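This report refers to the structure that appears directly beneath it.
The values are calculated or read from the model by the stated rules, or taken from the named source; none is laboratory data. Remember, predicted model here, so these are calculated numbers, not experimental data. All Cβ positions, glycine included, derive from the backbone under ideal geometry; neighbour counts span all protein chains shown. What goes into the accessible areas is simple: the full protein's heavy atoms, side chains included, and nothing from ligands, DNA or RNA. Shrake-Rupley method; radii C 1.70, N 1.55, O 1.52, S 1.80 Å.
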Amino acid sequence: MDESQQPKPSHQNSGTTRKREDYLEWPEYFMAVAFLSAQRSKDPSSQVGACIVNQENKIVGIGYNGMPNGCDDDLLPWSRSADHWLDTKYPYVCHAELNAIMNKNSADVKGCTMHVALFPCNECAKLIIQAGIKEVVYLSDKYHDTPEMVASRRLLGMAGIQCRQFEPKRTKIVIDFNSINHPGMLNGATN
């Protein structure tokens, strides 16, 4: 076959199907995984998820807030306030950050980035530091002025861990299980 008969590269063909332009970029994808993981939480007031990612953009751990393994979450309180602290969820619930670190699927998470819905509390900051995580990407810092968050920022800053607020490019990501049966449906699934 001479040169004039050889097929042209597909990028030169004007009728070629091109890649999608509205795909999720890595930061959106990882925060979305954290938010999807949060949907596993049984906490009636706060559903938080975390996603740990290594330098190769591979997920190495995910977690959400919930009661410890083996502890019946029907027998423990889910209340945010009560006359006695032991009758609230706070002494019992494991935060998403703790569970993501404990659920890691690699030898360690040193040098990794954690994507999490809420800025980590002081207890989670200690875990993040001890695990060797280098960066925290969070969406909300709604408890910014509480003593736990002030202590957290102090610890994370002293340890040299970068913290940055995630700025979403879209406000919503829709998961439509029917889209797999209808080609092209994914294109309209993001806002």
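From the residues in the range 78-115 that are closer than 15 Å to GLY132 by Cα and of a type in the set (D, E, K, R), which one is modelled with the lowest pLDDT? Checking each candidate, the answer is ASP108. Remark: pairs (first residue in the range 145-168, farther than 21 Å from CYS51 by Cβ; second residue open to solvent by 40 Å² or more (accessible area, probe 1.4 Å); Cβ separation under 6 Å; 6+ apart in sequence or on different chains) are absent.
Of everything in the range 49-90, what is under 23 Å from VAL136 (Cα atoms) and small (Gly, Ala, Ser)? Give them in sequence order. Residues satisfying the conditions are GLY49, ALA50, GLY61, GLY63, GLY66.
Within the set SER152, SER140, SER106, the sole residue that is of a type in the set (Gly, Ala, Ser), surrounded by 12 or more Cβ atoms within 10 Å (Cβ to Cβ) and under 17 Å from ASN57 (Cα atoms) turns out to be SER106. Remark: pairs (first residue in the range 75-94, of a type outside the set (A, V, I, L, M, F, W, C); second residue not in a loop (DSSP other than H, G, I, E, B); Cβ separation under 7 Å; 6+ apart in sequence or on different chains) = PRO77/ASP87; SER79/ASP87; PRO91/TRP85. For the subset of the range 109-127 comprising residues that are closer than 11 Å to GLU97 by Cβ and in contact with a Leu (Cβ under 7 Å, 6 or more places away or on another chain), which member is surrounded by the fewest Cβ atoms within 10 Å (Cβ to Cβ)? Here the residue is LYS126.
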